[in-house]
Amino acid sequence: MKLGIADIVISVMFEDKIQSSEVDGSYKYFLTNSKPDISFHTHYGHIPKSKLGEKIFDTGTTWSFYQNNGKYILKTSSRAVILESDFKCGDIYIRPQERKCKVEYPLNYPLGEVLMINLLAQKRGVMIHSCGVSNKGQGLLFVGTSQMGKSTMANLWKSQNEGVSILSDDRIIIRKRNEQFWIYGTPWHGSAKVCSPERAHLEKIFFLKHAKKNSIKKIGLLEAASHLIVCSFPTFWDKRGMEFTLEFCAELAQRIPCYELGFVPGKSALGFIRGKI
């Protein structure tokens with residue numbers, strides 16, 4: 001089973017044909033036959049605690065991250081992934097009792113998302129809290145933390161059928177390819193539940209805020225870079241990954257026009273935005 005997300009192909013192989021696996025409603029749009037960049041083998045069984053090594057990060061709720069002899073271990077309550085140091089291959093361990101029933105896609109939340117964050121930090125790109133829209137090939141990024149209006153913005157753009165594609169209403173991947181920045185849809189959507197495997201050339205970035213009237217203001221490099229970093233998914237446990245993310249956000253803010261967008265939810269906001277782009 002292979003998924004292609006942001007031009008990164010992840011292959012998952014199963015140790016036998018007894019077990020079937022399913023992708024959920026959003027992952028199914030990302031199935032591909034392309035050559036994999038990263039390959040995983042699944043196993044049924046628990047990782048011995050002695051092999052976990054040093055804990056380097058812990059959310060306290062959903063997942064924790066370990067390092068042992070150059071390898072990385074990502075662990076949840078029911079599954080674990082052991083990654084080689086180059087992040088090109090690894091092993092997925094699933095609870096033995098799941099062998100007797102239909103298993104969800106092994107990299108369902110949070111494993112797939114956290115894995116992608118680590119892969120991007122290897123000088124591949126950055127994931128941002130944002131709604132991404134392809135407007136006749138023009139990539140528009142609407143950035144904001146929780147409750148700032150990303151899903152609202154996606155729902156507004158839904159009504160624009162001709163030449164408009166919503167890449168995601170919550171998590172967008174940005175990559176630099178051939179000296180240009182591109183935005184990619186991901187399977188990890190928000191409450192609007194929209195996502196797409198497509199990409200678009202990034203041309204403008206809007207930082208969302210609620211307002212009593214629609215307004216737009218161009219902002220400077222430092223403010224834009226700061227907003228991008230706040231809304232990114234950095235690898236706090238990896239110094240080199242953190243440095244790459246900071247540099248990437250700084251270059252992005254320098255090269256792509258950035259604006260503060262105050263908007264009132266409703267059709268007037270969409271008309272206002274379209275009049276400015």
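With both residues required to sit in the chain, DSSP beta bridges show an antiparallel share near 70%. Maximal additional length on extending the Gln138-Met242 stretch stands at 34.5 nm, based on 0.36 nm per residue less the C-alpha distance. Computed from phi, the 3J(HN,Hα) profile of the stretch 80-96 under the Karplus parametrisation 6.51, -1.76, 1.60 (θ = phi - 60°) reads 8, 10, 9, 10, 5, 4, 8, 6, 9, 7, x, 10, 10, 10, 10, 3, x Hz, with x in place of Gly and Pro. Only beta bridges with both residues in the stretch 126-276 are counted; by DSSP, about 70 percent of them are antiparallel. Pairs of alpha carbons in the chain separated by more than 34 Å make up 22% of all such pairs. A full extension of the chain between Ile216 and Val164 corresponds to an added length of 16.6 nm, given 0.36 nm per residue minus the alpha carbon distance. Sorted on the mean count of surrounding Cβ atoms within 10 Å across their residues, most packed first, peptides 125-133, 203-211 read 125-133, 203-211. Ranked by the mean number of other Cβ atoms within 10 Å of their residues, highest first, the peptides 136-147, 45-56, 3-14 fall in the order 3-14, 136-147, 45-56. Each Cα pair under 8 Å and six or more residues apart adds its separation to the average, and for the stretch 127-264 the resulting relative contact order is 26 percent. Applying a threshold of 23 Å to the alpha-carbon distances of Lys150/Lys193; Lys136/Lys176; Lys2/Lys88; Lys55/Lys239; Lys35/Lys193 flags Lys35/Lys193 as lying beyond it.
Throughout, read-outs are computed from the coordinates displayed, never taken from laboratory work. Remember, it's a predicted structure, so these values are computed and weren't measured experimentally. Cβ atoms come from the backbone with ideal geometry, glycine included; neighbour counts cover every protein chain shown.
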